[in-house]
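Worksheet: one structure, shown below.
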Amino acid sequence: MPENSVENAPDNPDEDLTPTPAPEVTQDPAQGSADDTRSAADHQPRVRTLDARSLRGLAHPLRIRLLAELRHQGPATASQLAEQLGESSGATSYHLRQLAAHGFVEDAPEHGKGRERWWKATHEGTQFDESLMTDDNPETRGAAEAFLHEIATIHTQELNTWLGNAHSWDTDWRGATDLSDFTLRLTAEQSLELIHRMHELVNSYRGLPEGEDSETVRFHTHAFPRRTG
């Protein structure tokens, strides 16, 4: 049972309520947790591992959100994305071209009509290498920090959006959500093992046949050490 959950409030008032229910981002120093163990050959997601150059090309708030929209909603034009994100079409067009230059998006000509240019994501997820946080180049370290902070911001916004709209969902779906956190005493190796096992479990649900009542479900996982005392 989680220490803090919506269904069972914690006894300890000093324990923070941290959501543990992304853009699809995997932060994995061992670079192996994106495998789909249920059927790796058929359902392994196509994941782009960031290097220093591609990180600097992606680490912009609007680019991260554009890429997330294309991954979650499918191909779109710069104008459609501008309307969805509350930006100008000039801004979305520019940043889409920058994403394309770094291999994150590409043309989707099968959707285009006339001079209309459609874009699609080239991968289903992004994998972040922890070594980028300690890169010799300060520009790369800054890009890594900006990237991770933007992902954290997106997670928070998604959670707040759910909380603000939870009343509009039926009882079954409200009961199938989670807002929990856990505190464990682990070694770094044990923590990494647990992260891998969680990712493997989530990925084992990819490719399942969709039912009539299927919805898109977002799972956020946050794991980090905390000094006490």
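The values are calculated or read from the model by the stated rules, or taken from the named source; none is laboratory data. Since the model is a prediction, treat every value here as computed from it, not as a measurement. Glycine also receives a Cβ, built like all others from the backbone with ideal geometry; neighbour counts cover every protein chain displayed. With ligands, DNA and RNA removed, areas are computed over all heavy atoms of the protein, side chains included. Shrake-Rupley method; radii C 1.70, N 1.55, O 1.52, S 1.80 Å.
Restricting to segment 71-80, count the residues that are touching a helix residue (DSSP H, G or I) at 6+ places or on another chain (Cβ under 8 Å), within 16 Å of Gly112 (Cβ to Cβ) and in a helix (DSSP H, G or I). Spell out the reasoning first.
Going residue by residue through segment 71-80, those that are touching a helix residue (DSSP H, G or I) at 6+ places or on another chain (Cβ under 8 Å) are 73, 75-76, 78-79.
From what is left, the residues that are within 16 Å of Gly112 (Cβ to Cβ) are 75-76, 78-79.
From what's left, in a helix (DSSP H, G or I): 78-79.
Residues flagged as touching a helix residue (DSSP H, G or I) at 6+ places or on another chain (Cβ under 8 Å), within 16 Å of Gly112 (Cβ to Cβ) and in a helix (DSSP H, G or I) within segment 71-80 amount to 2.
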Residues (within 18 Å of the chain's Cα centre (by Cα) and of a type in the set (A, V, I, L, M)) located in segment 165-202: Leu179, Ile195, Met198, Leu201, Val202
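Quick check on Val105: is it of a type outside the set (S, T, N, Q) and at pLDDT below 95? Break it down stepwise before answering.
On the way: of a type outside the set (S, T, N, Q): yes; at pLDDT below 95: no.
When the stated conditions are applied, Val105 does not pass them.
Is it the case that segment 65-80 has a residue that's over 21 Å from His155 (Cα atoms), more than 15 Å from the chain's Cα centre (by Cα) and open to solvent by 70 Å² or more (accessible area, probe 1.4 Å)? Give the steps one after another, and end with the answer.
Step one: filter segment 65-80 for residues over 21 Å from His155 (Cα atoms), giving 75-80.
Among the residues that remain, those that are also more than 15 Å from the chain's Cα centre (by Cα) are: 75-80.
If we keep only those that are open to solvent by 70 Å² or more (accessible area, probe 1.4 Å) too, we end up with 79.
Yes: one or more hits.
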Farther than 22 Å from Arg48 by Cβ and not in a helix (DSSP H, G or I): does that describe Glu83? no
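Among the listed residues Arg185, Arg206, which satisfies the condition of being among the charged types (D, E, K, R) and over 28 Å from Pro61 (Cα atoms)?
Among Arg185, Arg206, only Arg185 is among the charged types (D, E, K, R) and over 28 Å from Pro61 (Cα atoms).
Mind listing whichever residues of segment 34-64 are at pLDDT below 60 and under 14 Å from the mean Cα position of the chain (by Cα)?
First, pick out the residues of segment 34-64 that are at pLDDT below 60: 34-43.
Ala34 - this is the single residue of segment 34-64 that is at pLDDT below 60 and under 14 Å from the mean Cα position of the chain (by Cα).
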